[in-house]
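Here is the structure we will look at.
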Amino acid sequence: MLDASVVDRLRSIVGDRYVLVRDAELLAYQSDGLPGYHKRPSVAVFPGSRDETIDVVRALAAVGAPFVSRGAGTGLSGGALADDVVLLGLHRLKGILDMDIARMRATVEPGVVNATLNKRLGPHGVFYAPDPSSEAACTIGGNVAENSGGPHCLKYGVTLNHVLAATVLLPDGEVLELGDRDGGMAGYDLLGAFVGSEGCFGVALDVTVRLTRRPESVRTALADFTSVADAARATSAIVASGVVPAALEFMDNGTIRVVEESIFAAGYPADAAAILLIEVDGSAEGADADMELVRGLCVECGARTVRVAANEAERTRLWQGRKKAFGAMGRLAPNLAVQDAVIPRTQLTQVLAQLHAIADSHGVTVCNVFHAGDGNLHPNISYADGDADQARRVHEAMGAMMKACVDAGGSITGEHGVGLDKLQYMPMLFDEPTLAAMCDLRSAFDPERRANPGKVVPIHSCREWLAAPSLRSASSGDGDAR
């Protein structure tokens, strides 16, 4: 708990209403979008402006207090959880500071919601391309922290590809300008290091993003299959054809049934073993030609039907089912474990079979909904709250699934980040010198390790930890914290 004088200082900066200290008030901030982790902040503070944010961080720096930045809390790795430290909520910083359509850029504060920005951009015929499934709630600051992707990153790229510059507040209170709002670059790419740093390098005060012209035409199709293997083969065939879909999404039967039994029902065939949601865009003639090619490839690979959305309403309904799939999982059980591994597309059939075999061996049920076009898997296992044995089996199954993905030539995360959830898997991918180099980079931004402590890199990889027995004896060993 912070000293009362520090809490009083925070109240003087942001006002009494925006500093929370009571357990009942802090309860809402003990989890993020991944409900299996619970960490209670000691204090939550919500600045309402750039200057207030700077003053808060400098007040915390003056007493050496750690803090965790948080936007909408939609993350899926436990990355925005504050474990008995200060939670710095940024959702009040929601100003769209500039929309320069001529230069195809916009500058926004970190609390701006993706969907809100695109609503403002819509009349100008442009959009901000990254579209996480939580786009109706997630914020640009959170996108930057996690280097978020989404269904359309297959063609348009992840957040890093759309951030031109950022004003960054370091944990010691220094303000830096990273990147170039005109798209140039000189010197080291510090902006590239900051994007995806999961809040461990500091706070984004504003972000300048690249805008993209809306395509002339969009075609969205639903292909359904009686075999998971056929849907996986169709995925590889589409990508190998040279067509670059705007999106290529996969849902298996377990996910289809959960969605169709929920308020998000999208008209998916409930008896399908798997469906692919495929979108192409471009000129009208080009989109039609691409969709005709995609349709033929799906049929060749065993698709039972390929249905192209007839209008915008039907297209929106198809996408609603996909983007609300995680929410629909709440019908099965109150807790959800979801992973975020990336594998080569050519390994889809084999790895999906392995995931189901692992689930069966651990007595749990896995549902798959993921970005098939870039091999970004999202196996989901729902489980009961308070059932310790089931929780143990779920987490053991998830560990085995992650190992299977890494053994197939994959990675442990594509867009959700490492946070707390994937700390234990980092040594699967990186040797100790590489992990230590990550710690060194973090130290360049935050030498005292006060920003988002306990996240991303296991503490035993840090050079100063290895060199200091006192740190080792004081540590619980579960994070890069001090």
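How far, in nm, would the chain grow between Asp189 and Ser12 when pulled straight, counting 0.36 nm per residue and subtracting the alpha carbon separation? Present the calculation step by step, with values, prior to reporting the outcome.
Values: separation 177, 0.36 × 177 = 63.72 nm, distance 3.70 nm.
Once the chain is fully extended between Asp189 and Ser12, it gains 60.0 nm.
Identify all lysines with a Cα-Cα distance to Lys39 below 29 Å; exclude those on the same chain that are fewer than 8 residues away in sequence.
Lys94, Lys323, Lys324, Lys403, Lys422, Lys455
Pick out, from His356, Val369, Pro344, the residue whose Cα sits farthest towards the positive end of the charge dipole of segment 332-417, with +1 on the Cβ of Lys and Arg and -1 on the Cβ of Asp and Glu.
Comparing the listed Cα positions along the dipole, Pro344 ranks first.
How high is the relative contact order of segment 217-327? Use alpha-carbon pairs under 8 Å, at least six apart in sequence, and give a whole percent.
45
Quick one: if the Förster radius is 45 Å, what FRET efficiency do Ser217 and Arg331 give, using the C-beta to C-beta distance and rounding to 0.05?
0.80
If you line up the long axis of helix 50-62 against the longest principal axis of the chain, both from Cα atoms, how many degrees apart are they, to the nearest 10?
Taking Cα atoms only, the helix is inclined about 60 degrees.
About the Cα centre, and with charges only on the beta carbon of Lys, Arg (+1) and Asp, Glu (-1), how big is the dipole of the chain? Nearest 20 debye, please.
For this selection, approximately 480 debye.
Can you give me the Cα centroid spacing of segment 256-273 and segment 274-290 in angstrom?
Each part's Cα centre sits 22 Å from the other's.
For a quick check of your reading of the filter: which chymotrypsin sites (Phe, Trp or Tyr not before Pro) in segment 187-234 sit in a DSSP loop and have no more than 14 other Cβ atoms within 10 Å?
Tyr188
Go ahead and run the numbers for FRET between Asp387 and Ala357, Cβ-Cβ distance against an R0 of 25 Å, rounding to 0.05.
The computed FRET efficiency comes out at 0.65.
Quickly estimate the mean residue ellipticity at 222 nm for the chain, helices only: each DSSP H run with n ≥ 4 gives -39500 (n - 2.57), and the total goes over all residues, rounded to 500.
Taking each H run of at least 4 residues, the total per residue is -10000 deg cm²/dmol.
Please list the equivalent ellipsoid semi-axes of segment 299-350, computed as the square roots of five times the alpha-carbon gyration tensor eigenvalues, in descending order and whole angstrom.
Numbers: eigenvalues 123, 98, 22 Å².
The answer is 25, 22, 10 Å, longest axis first.
For segment 96-213, I need the span (max minus min coordinate) of the C-alpha atoms along each principal axis, in Å, sorted largest to smallest.
40, 29, 25
Skipping prolines and chain starts, which residues have an amide H placed within reach, meaning under 5 Å, of the one on Gly199, given they are 5 or more residues away or on another chain?
Under 5 Å from the amide H of Gly199: no residue qualifies.
What translational diffusion coefficient, in µm²/s and rounded to a whole number, does the Stokes-Einstein relation yield for segment 332-417 at 20 °C and a viscosity of 1.002 mPa s, taking the hydrodynamic radius as the Kirkwood radius over Cα pairs?
D = 167 µm²/s.
Ser443 to Glu177: FRET efficiency via 1/(1 + (r/R0)^6), r the Cβ-Cβ distance, R0 22 Å, to the nearest 0.05?
Once the sixth-power term is evaluated, E becomes 0.55.
Output the Cα-based Rg and Dmax of the chain in Å, rounding Rg to one decimal and Dmax to a whole number.
Over the chain's Cα set, Rg and Dmax evaluate to 22.6, 70 Å.
For segment 217-327, place one equal point scatterer on every Cα, skip the solvent, and apply the Debye formula. What is log10 of I(q)/I(0) at q = 0.12, 0.13, 0.21, 0.24 Å⁻¹?
Summing over Cα pairs of segment 217-327 leads to -0.36, -0.43, -1.10, -1.37.
Laboratory data are not the source of any read-out in this text; all were calculated from the coordinates shown. None of these values were measured; they are calculated from a predicted model. Here Cβ is always computed from backbone atoms with ideal geometry, including for glycine, and neighbour counts include all displayed protein chains.
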